[in-house]
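The values are calculated or read from the model by the stated rules, or taken from the named source; none is laboratory data. Nothing here was measured: the structure is a model prediction, and the numbers come from that model. Here the Cβ is made from the backbone with ideal geometry for all residues, glycine too, and neighbour counts use every protein chain on show.
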Amino acid sequence: MKKNGFTLALFLLLGLLAAAIVTQLLVSVPWLGFLTNSAHITWEPKADLNVIKYDLFIQVKLNVISLLGIVAAIWIYRRM
């Protein structure tokens, strides 16, 4: 498998998805609450240029587990 930007983005996306699944599984454990508390980051670019109009909404929920997922994805990508 070739190393390129698409492969890195794919690994990062898979790392975030795996971390989201683990977060949902651990949310019911009360003493692991510090791992599952999320910070919401939103970005809403909008433009109306008379010819084209767009509205985009992106939201990322980061927590300790998702950061570990990102680190693991980068580590796997570099080992490849």
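The residue of the stretch 13-36 that is surrounded by the fewest Cβ atoms within 10 Å (Cβ to Cβ), among those that are under 27 Å from Tyr77 (Cα atoms) and of a type outside the set (A, V, I, L, M), is Gln24.
With respect to the conditions (1) at pLDDT 90 or above; (2) loosely packed, with under 12 Cβ neighbours inside 10 Å, Leu10 falls short on a single one, namely (2). Considered as a group, the residues in the stretch 44-64 that are within 27 Å of Leu26 (Cα to Cα) and exposed (fewer than 10 other Cβ atoms within 10 Å of the Cβ) include one that is nearest to the chain's Cα centre (by Cα), and that residue is Gln59.
So is Ile41 among the β-branched types (Val, Ile, Thr), at pLDDT 90 or above and surrounded by 13 or more Cβ atoms within 10 Å (Cβ to Cβ) or not? Give the steps one after another, and end with the answer.
On the way: among the β-branched types (Val, Ile, Thr): yes; at pLDDT 90 or above: yes; surrounded by 13 or more Cβ atoms within 10 Å (Cβ to Cβ): no.
It is false that Ile41 is among the β-branched types (Val, Ile, Thr), at pLDDT 90 or above and surrounded by 13 or more Cβ atoms within 10 Å (Cβ to Cβ).
Figure legend. Inter-residue proximity from the stretch 54-80: first residues part of a strand (DSSP E or B), second residues surrounded by 12 or more Cβ atoms within 10 Å (Cβ to Cβ), beta-carbon distance below 7 Å, spacing 6+ or different chains. Indicated pairs: Lys61/Ser38; Leu62/Ser38.
Pairs meeting the criteria (first residue in the stretch 30-42 and touching a residue at least 12 places away in the same chain (Cβ under 8 Å), second residue part of a strand (DSSP E or B), beta carbons under 6 Å, at least 6 apart or on different chains) are Ser38/Lys61; Ala39/Leu62; His40/Lys61; Ile41/Val60; Thr42/Gln59.
Just to be sure, is Ala47 over 30 Å from Lys3 (Cα atoms), among the aliphatic types (A, V, I, L, M) and at pLDDT 90 or above? Can you show your working first?
Details: over 30 Å from Lys3 (Cα atoms): yes; among the aliphatic types (A, V, I, L, M): yes; at pLDDT 90 or above: yes.
Spelling it out, Ala47 is indeed over 30 Å from Lys3 (Cα atoms), among the aliphatic types (A, V, I, L, M) and at pLDDT 90 or above.
Test of understanding: among Thr23, Thr7, Thr42, which residue is in a strand (DSSP E or B) and among the polar types (S, T, N, Q)? Explain how you work it out, then say what you get.
Details: Thr23 fails: in a strand (DSSP E or B); Thr7 fails: in a strand (DSSP E or B).
Of the residues listed, the single one that is in a strand (DSSP E or B) and among the polar types (S, T, N, Q) is Thr42.
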